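Enquirer: Below: one structure in structure tokens.
Since every read-out is calculated from the coordinates, none of them should be taken as a lab result. A quick note: this is a predicted structure, and the numbers were derived from the prediction, not measured. Glycine also receives a Cβ, built like all others from the backbone with ideal geometry; neighbour counts cover every protein chain displayed.
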Amino acid sequence: MIKKQFVFLLGCMFFGDAVAVPARVGYVIDGDTFAAIVNLDPDVEISVRVRLRNVDTPEINGECEYERARAAAAKVHLAKIIPTGATVQLENIKDDKYLGRIDANVFDADGNDVGDVMIKDGFGRRYSGGRRQPWCDISKK
């Protein structure tokens, strides 16, 4: 049974547009990444790191004090939007460049796109892949 469920999760990664996967928030890592617990079966759950697909937030170990301060604020804000234990929906799931992490559009219990909320609230900017723009240059403007 575990093998069949794992194949289902892999299928979600390849055909993620068609499937919404419920998950429980474990903890927030930074402003655009959190750990989630996904139930594959009543007796089987896995933990996976999820990166919000559509937003870029400053890095915790950023290059300047401005970026590090904004990163800390973004992490706190994400934890308010999707607190530990909250149920979220993962959609458009794809494998990430880092082993053990996936990219997904994430929706809260009210159906709000969490990445869009982070952007609207001023804690991130639109991201669609590729090279990210620096955050430290922004602080000089």
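Enquirer: Sticking with the crude label model, points 7 Å out along Cα→Cβ, report the distance from Val19 to Val44 in nm, one decimal please.
Expert: 1.2 nm
Enquirer: Order of Thr57, Thr87, Thr33 from fewest to most other C-beta atoms within 10 Å?
Expert: Thr87, Thr33, Thr57
Enquirer: The range 31-139: which GluC sites (Glu not before Pro) are DSSP loop and have at most 13 other beta-carbon atoms within 10 angstrom?
Expert: Filter output for the range 31-139: Glu63.
Enquirer: What ranking of Leu40, Leu90, Leu52 emerges when the number of other C-beta atoms within 10 Å of each C-beta is taken as an exposure proxy, fewest first?
Expert: So the residues, fewest neighbours to most, are Leu40, Leu90, Leu52.
Enquirer: Under a point spin-label approximation (7 Å from Cα along Cα-to-Cβ), what is the Gln133-Ala73 distance to one decimal in nm?
Expert: Inter-label distance under the simple model: 1.7 nm.
Enquirer: Please give the length that would be gained between Ile29 and Ala86 if that part of the chain were fully extended, namely 0.36 nm times their separation in residues minus their C-alpha to C-alpha distance (nm, one decimal).
Expert: Full extension of this stretch gives 19.0 nm more.
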